[in-house]
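Have a look at the structure below before the remarks.
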Amino acid sequence: MKLERIHHVAYRCKDARETVEFYQKHLNMDFQLAIAEDHVPSTGAYDPYMHLFLDAGDGNILAFFELPEQPPMGRDEQTPDWVQHIAFEVESVEVLLEAKQNLEANGIDVVGPTDHTIFKSIYFFDPSGHRLELAANTAKPGMLTELKRVAPLMLEEWSKTKKAPRHADWLHGHSEFKAPSDN
């Protein structure tokens, strides 16, 4: 089997209308469709819902469920709030900085830009408390190839030690990047 792409990624939201309006206004997403049922198709269980689909660009669909008869939504309290997030790519660092300015002008707290060497990003929360990231690629030639090359080595070391491997220290300024041909 070969996967074609992600069909959609779904999250819960507090309010369907507020969610659609936020993503349309602040991230220029196109509201594609809504599905509402009283019974869950896969289980038959009674659980009224509104299921929303928004296009994040190029057919990448972000979906949400409003579940009015379920207890209020929360988050995984055992996981830091910076871990679980949805990241969207933007065209350039200039677009990233413009987005930050627009979000802040609309009263949204923004962290960043953070320089990850291969991209710069900003972070903020949607009305349901989902952490969002906008990222602009900044990788220099050879960087992504080198990261792919060392990924299995890093995973193996991490699996044994649970300590950060040093194969890519250059990502956050701990050393200088040298393309493999420069070594």
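A few comments on the model shown:
- Of residues in region 154-183 being of a type in the set (Phe, Trp, Tyr) and not in a loop (DSSP other than H, G, I, E, B), the one modelled with the highest pLDDT: TRP158
- So ARG131, is it of a type in the set (Lys, Arg) and either under 22 Å from GLY57 (Cα atoms) or in the same structural domain as THR19 (by TED's automatic domain parsing) (or both): yes
- Of all residues in region 124-156, those that are at positive phi and touching a Phe, Trp or Tyr at 6+ places or on another chain (Cβ under 9 Å) total 1.
- Exactly one residue among GLY142, GLY74 is over 29 Å from ALA179 (Cα atoms) and modelled with pLDDT under 95, and that residue is GLY74.
- Residue count for region 94-147, restricted to those that are of a type in the set (Asp, Glu), within 30 Å of MET73 (Cβ to Cβ) and either in contact (Cβ under 8 Å) with a residue 40 or more places away in the chain or not in a helix (DSSP H, G or I) (or both): 3
- Number of the exception - PHE88 against (1) outside the structural domain of GLY112 (by TED's automatic domain parsing); (2) part of a strand (DSSP E or B); (3) surrounded by 14 or more Cβ atoms within 10 Å (Cβ to Cβ): (1)
- Candidates in region 1-49 are the residues that are among the charged types (D, E, K, R) and surrounded by 14 or more Cβ atoms within 10 Å (Cβ to Cβ); of these, the one that is nearest to the chain's Cα centre (by Cα) is ARG12.
- Test: residue in region 29-48 that is at pLDDT 95 or above, under 30 Å from LYS140 (Cα atoms) and touching a strand residue (DSSP E or B) at 6+ places or on another chain (Cβ under 7 Å): yes
- Residue in region 26-34 that is hydrophobic (A, V, I, L, M, F, W, C), more than 20 Å from PHE119 (Cβ to Cβ) and in contact (Cβ under 8 Å) with a residue 60 or more places away in the chain present: no
- Near pairs, Cβ below 6 angstrom, 6+ apart or cross-chain, from region 48-76 (touching a residue at least 40 places away in the same chain (Cβ under 8 Å)) to any residue that is part of a loop (DSSP other than H, G, I, E, B) and not basic (Lys, Arg): ILE61/HIS8; LEU62/ALA56; ALA63/HIS8
- Any hit, region 87-98, residues being over 19 Å from the mean Cα position of the chain (by Cα), closer than 30 Å to LEU171 by Cα and modelled with pLDDT of 95 or more: yes
The values are calculated or read from the model by the stated rules, or taken from the named source; none is laboratory data. The structure displayed is predicted, hence computed values, not measured ones. With ideal geometry, Cβ positions are generated from the backbone for all residues, glycine too; neighbour counts draw on all protein chains shown.
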